[in-house]
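Trainee: I'd like to ask you about the structure that follows.
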There are 2 protein chains.
Amino acid sequence: MSRTDGRIERGNRTRQLVLRRTVDIASVEGLEALSVGRLALELDLSKSGVFALFGSKQELQLATVREAGRIFTERVVLPALATLPGVGRLWQLCDLWLEYSRGRVFPGGCFFYEVIAEFDARSGAVHDAVLQSQRDWTAHVEGTIEEARAAGELLPDTDAGQLAFELVALMETANMISVLHNEEEISYGRARAGIRARLRAAAVDPALVPGS
Amino acid sequence: MSRTDGRIERGNRTRQLVLRRTVDIASVEGLEALSVGRLALELDLSKSGVFALFGSKQELQLATVREAGRIFTERVVLPALATLPGVGRLWQLCDLWLEYSRGRVFPGGCFFYEVIAEFDARSGAVHDAVLQSQRDWTAHVEGTIEEARAAGELLPDTDAGQLAFELVALMETANMISVLHNEEEISYGRARAGIRARLRAAAVDPALVPGS
């Protein structure tokens, strides 16, 4: 490996190290809590080194949102694709989301719940990135519903937007209650019961819903 | 009025002025964004005067949570009591909540959504105050459900905890989507449709649900 390649690889490793820490901090304290100085201190790196990799606090915040999105895709979106399109995949997607929240992939619970509340009423590039993540996720849930309907497993008059809104509401609220009350039995159980009821009502055959 | 009374009254007025501003700031930027210096500057008061009224940043944060709770009670909880116990009052309570959020009683939308996300994964007096507010609100929704069942308007096997969880989920998510996307038609409409469906399913007679 040439000297240049070695430098690039070290840079990438440091970048990953920093981002693994920033997603965790942001999930508990928000994206405003990120600072180049704090990260350099915590990770025993030079401030100029961290600065050289990200350039500005805003770039660090944007890279953190992208990294959280990558982890979320890896833990929730991709594994659900292992199940065939239909009610089973839709259930699997919700179940993986609840496990992502309950298992504290990020120590503060769902990363996006935290940063949406932080940036929802502001403007600028970070707000726009957070908005886009939420839009992509909702579109993915709606797409999974459309797919299940196209597979003949959901009633033809299913309103995908309405159903996606209700499923997302149950998931997000389980995360909120669980993190706030530091409990994990009641809230996730209620979310699962609600999701199961919504899917049974929308399915052409309630037996298609796992656990029914 | 004696000189002492006059001073107390001026103190109370200043306190109200400060808190009217802190609840607005916190609903957009969170409780950590509150500082005695910033408030003194924005409201053209002396820093020592603001400090004398609140004592510390934490006291200012706690007083802000209490003031937001007072406004919330005035706008949502009390007006719903004008309707007789039953499905009508439960609907009214949800409807008043959605109007409180949609009407931006606080410029950042629901005050509690913002500060729960900010303090959920922390510890300390502010976390505890926020937790208690959320617990009180959930208990109030559950109590309103129990009342409606006792009035013979909800099915005897209604699970009050489950129904309250689902109603709160629909309300909070409408607030989240509306503030983030800066829109107010789709999200509140979906929340209302979801709430109506839940109440129709739980009511002994679906005609008891307003708008059915």
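Trainee: Can you find, among B:124, B:103, B:93, the residue farthest towards the positive end of the dipole of region B:56-144? Put +1 on the C-beta of Lys and Arg, -1 on that of Asp and Glu.
Mentor: B:103
Trainee: Enter the mean number of other protein chain beta carbons within 10 Å of the beta carbon of each residue in A:192-203, as an integer.
Mentor: Values: counts 0, 4, 7, 0, 0, 4, 3, 0, 0, 2, 0, 0.
Across A:192-203, the average partner-chain Cβ count within 10 Å equals 2.
Trainee: So if R0 is 56 Å, what FRET efficiency would residue B:186 and residue B:3 give, r being the distance between their Cβ atoms, rounded to the nearest 0.05? Write out the running numbers ahead of the final one.
Mentor: Values: r = 57 Å, r/R0 = 1.02.
Taking R0 as 56 Å, the efficiency between residue B:186 and residue B:3 is 0.50.
Trainee: What are the label-to-label distances in nm, one decimal and shortest first, from residue B:42 to the same spot in the other copies, with labels 7 Å along Cα to Cβ?
Mentor: Counterpart label points of residue B:42 in the remaining copies fall at 2.7 nm.
Trainee: A further question follows. Starting from the Cα-Cα distance between residue B:131 and residue B:16, subtract it from 0.36 nm times their residue separation and give me the gain in nm to one decimal. Could you put the intermediate results ahead of the total?
Mentor: Values: separation 115, 0.36 × 115 = 41.40 nm, distance 2.37 nm.
Using 0.36 nm per residue and subtracting the Cα-Cα distance, I get 39.0 nm.
Trainee: Sorted by packing (mean other beta-carbon atoms within 10 Å per residue), highest first, where do B:4-10, A:96-102, B:180-186 land? Working shown, then result.
Mentor: Details: B:4-10: 10.3, A:96-102: 20.7, B:180-186: 14.0.
The packing order, highest mean first, is A:96-102, B:180-186, B:4-10.
Trainee: Mind checking the mean number of beta-carbon atoms from other chains within 10 Å of the Cβ atoms in B:175-185? Don't skip to the answer; put the middle values down first.
Mentor: Details: counts 2, 10, 8, 1, 4, 10, 5, 5, 0, 0, 0.
Average neighbour count from other chains, rounded to a whole number: 4.
Trainee: Could you work out how far the C-alpha centroid of region A:117-155 sits from that of region A:1-19, in angstrom?
Mentor: Going from one Cα centre to the other spans 33 Å.
Trainee: Here is a follow-up. For region A:80-212, what is the Kirkwood estimate of the hydrodynamic radius, computed as the reciprocal of the mean inverse distance between distinct Cα atoms, to one decimal in Å? Working shown, then result.
Mentor: Numbers: mean 1/r = 0.0649 Å⁻¹.
15.4 Å is the Kirkwood radius here.
Trainee: Tell me which of B:45, A:150, A:82 sits at the most positive position along the dipole axis of the protein assembly as shown, charges placed on C-beta atoms (Lys, Arg +1; Asp, Glu -1).
Mentor: Value computed over the given set: B:45.
Trainee: Given R₀ = 56 Å, FRET efficiency for residue B:44-residue A:82 by Cβ-Cβ distance, to 0.05? Working shown, then result.
Mentor: Details: r = 62 Å, r/R0 = 1.10.
After rounding to 0.05, the efficiency reads 0.35.
Trainee: Go through A:11, B:30, B:174 and say which Cα lies farthest out towards the positive end of the charge dipole of the protein assembly as shown; charges sit on Cβ, +1 for Lys and Arg, -1 for Asp and Glu.
Mentor: A:11
Trainee: Also, quick follow-up: Assigning unit charges at the beta carbon (Lys, Arg +1; Asp, Glu -1) and nothing else, what dipole magnitude in debye, to the nearest 20, does the protein assembly as shown show about its Cα centre? Walk me through the numbers on the way to the answer.
Mentor: On the way: 48 positive and 58 negative charges, 243 e Å.
The dipole magnitude comes to about 1160 debye.
Trainee: Specify the angular offset, from 0 to 90 degrees and rounded to the nearest 10, of the alpha carbon long axis of helix B:57-72 from the longest principal axis of the alpha carbons in chain B.
Mentor: Around 40 degrees separate the two axes.
Trainee: Could you size up the charge dipole of region B:58-204 around its Cα centre, putting +1 on the beta carbon of Lys and Arg and -1 on that of Asp and Glu, and report it in debye to the nearest 20? Display every interim value, and only then the final one.
Mentor: On the way: 14 positive and 21 negative charges, 61 e Å.
That gives a dipole near 300 debye.
Trainee: Would you please calculate the Kirkwood hydrodynamic radius of region A:18-142 over all C-alpha pairs and express it in Å, rounded to one decimal? Numbers along the way, then the final one.
Mentor: Numbers: mean 1/r = 0.0651 Å⁻¹.
Mean inverse Cα-Cα distance, inverted, gives 15.4 Å.
Trainee: Put the label 7 Å from Cα along Cα→Cβ for residue A:13; what are its distances to the other copies, in nanometres, shortest first?
Mentor: 6.7
Trainee: Return the calculated 222 nm mean residue ellipticity for chain A, to the nearest 500 deg cm²/dmol, obtained by summing -39500 (n - 2.57) across DSSP H runs with n ≥ 4 and dividing by the residue count. All intermediate terms of the calculation are to be shown ahead of the outcome.
Mentor: Values: 9 runs with 149 residues, N = 212.
After summing the helix terms and dividing by residue count, I get -23500 deg cm²/dmol.
Trainee: If you don't mind, there's one more thing I want to ask. Only Lys, Arg, Asp and Glu count, each charged at its Cβ (+1, +1, -1, -1), so figure out the dipole size of region B:124-163 about its Cα centre, rounded to 20 debye.
Mentor: Charge dipole of region B:124-163: 120 debye, to the nearest 20.
Trainee: Please give the helix A:125-150 orientation as an angle from the longest Cα principal axis of chain A, in degrees from 0 to 90, rounded to the nearest 10.
Mentor: Tilt relative to chain A: about 30 degrees.
Throughout, read-outs are computed from the coordinates displayed, never taken from laboratory work. Keep in mind that this is a model prediction, so the values were computed, not measured. All Cβ positions, even for glycine, are placed from backbone atoms using ideal geometry, and neighbour counts span all protein chains on display.
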